[in-house]
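I have placed the structure first, in the form of structure tokens, so that the comments after it can refer back to it.
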Amino acid sequence: MKPTITAFERSPDRGRGLARDMRVRWALEEVGQPYNVRLLSFSEMKEPAHRTLHPFGQIPTYEDADLALFESGAIILHIAERHAGLLPEDANARARALTWMFAALSTVEPPIVERSMATILERDKTWYEERLALLEDRVHVRLGELSSRLGRADWLDGAFSAGDLLMVTVLRRLDGSGMLEKYPNLSAYVARGEARPAYKRAFDDQLAVFTGKPPTG
Ligand code: GTB
């Protein structure tokens with residue numbers, strides 16, 4: 001039986017792959033697990049039926065037989081634990097990959113999301129420019145640190161892992177801000193992630209939801 005995930009019926013990003021179903025799609029594509037997608041409107045996400053799956057009324061969720069999960073990080077960990085390809089076999093390398101998953105979600109993503117939310121919700125405030133500068137400073141601190149750690153490596157710790165998958169999707173949230181371009185190794189890192197065949201399949205599938213056209217590849 002195929003797992004079912006949920007995604008926006010009409011993503012506000014117009015198919016740029018910035019919503020969090022993208023990372024789950026990418027993980028499923030990396031491990032070669034076919035899946036179904038149930039598309040939800042904003043009002044459907046807040047209905048009791050969906051809230052039994054997701055207490056916060058959001059996407060993505062993941063259902064497989066009698067298991068239902070929410071939180072993209074937990075879903076990706078579940079996929080990575082049940083299939084080869086996203087976590088190393090060696091116990092220490094695996095623990096380090098998990099560390100990068102947490103770092104992506106709890107250290108790098110928050111300042112990026114805070115900046116992004118300010119650009120959407122606070123643009124008309126008198127203090128917007130001043131606050132944006134502060135938020136961007138915080139993002140730059142993390143980008144600088146991450147850039148130093150990545151150095152000239154392809155991936156964060158040896159082979160590509162679920163840690164890289166999450167980090168790339170987190171950094172993509174800066175798309176259009178011009179911030180990532182100040183760190184050529186991070187831009188190249190994101191481009192390496194986007195060049196993976198599994199990423200492309202996932203991206204095309206989520207874009208097809210927006211355009212209404214089936215993916216060509
Ligand atoms: N921590 C949760 C996880 O990782 O799964 C966060 C889930 C979440 O924020 N879901 C968002 C959602 O359902 C969609 S991804 N929002 C609707 C709501 O809360 O009512 C966030 C997102 C939305 C849109 C864009 N975009 O348009 O660029 C980017 C990211």
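The values are calculated or read from the model by the stated rules, or taken from the named source; none is laboratory data. Since the model is a prediction, treat every value here as computed from it, not as a measurement. All Cβ positions, even for glycine, are placed from backbone atoms using ideal geometry, and neighbour counts span all protein chains on display. Quick note on the areas: whole protein, heavy atoms, side chains included, nothing else; ligands and nucleic acids left out. Shrake-Rupley method; radii C 1.70, N 1.55, O 1.52, S 1.80 Å.
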Self-check item: residue 1, sole failed condition from (1) under 19 Å from the mean Cα position of the chain (by Cα); (2) open to solvent by 30 Å² or more (accessible area, probe 1.4 Å); (3) in contact (Cβ under 8 Å) with a residue 40 or more places away in the chain
Solution: (1)
Exercise. Quick one: residue 175 ticks every box in (1) in contact (Cβ under 8 Å) with a residue 24 or more places away in the chain; (2) within 16 Å of the ligand (Cβ to nearest atom); (3) in a helix (DSSP H, G or I) except a single one, so which number is it?
Key: (3)
Quiz item: Within the range 193-215, is there a residue that is in contact with a Pro (Cβ under 6 Å, 6 or more places away or on another chain), among the hydrophobic types (A, V, I, L, M, F, W, C), open to solvent by less than 50 Å² (accessible area, probe 1.4 Å) and modelled with pLDDT of 95 or more?
Solution: yes
Quiz item: Could you give every pair whose Cβ atoms fall below 9 Å, whose first residue belongs to the range 118-136 and is open to solvent by less than 40 Å² (accessible area, probe 1.4 Å), and whose second residue is not in a helix (DSSP H, G or I), counting only separations of at least 6 or pairs across chains?
Solution: 118/125; 119/177; 128/122; 132/122; 132/123
Practice problem: Report whether or not residue 42 is out of contact with any strand residue (DSSP E or B) (no Cβ under 7 Å at 6 or more places or on another chain) and within 24 Å of residue 176 (Cβ to Cβ). | Solution: yes
Practice problem: May I ask you to list the residues in the range 101-124 that are touching a Lys or Arg at 6+ places or on another chain (Cβ under 9 Å), among the polar types (S, T, N, Q) and either within 12 Å of the ligand (Cβ to nearest atom) or over 14 Å from residue 140 (Cα atoms) (or both)? | Solution: 116
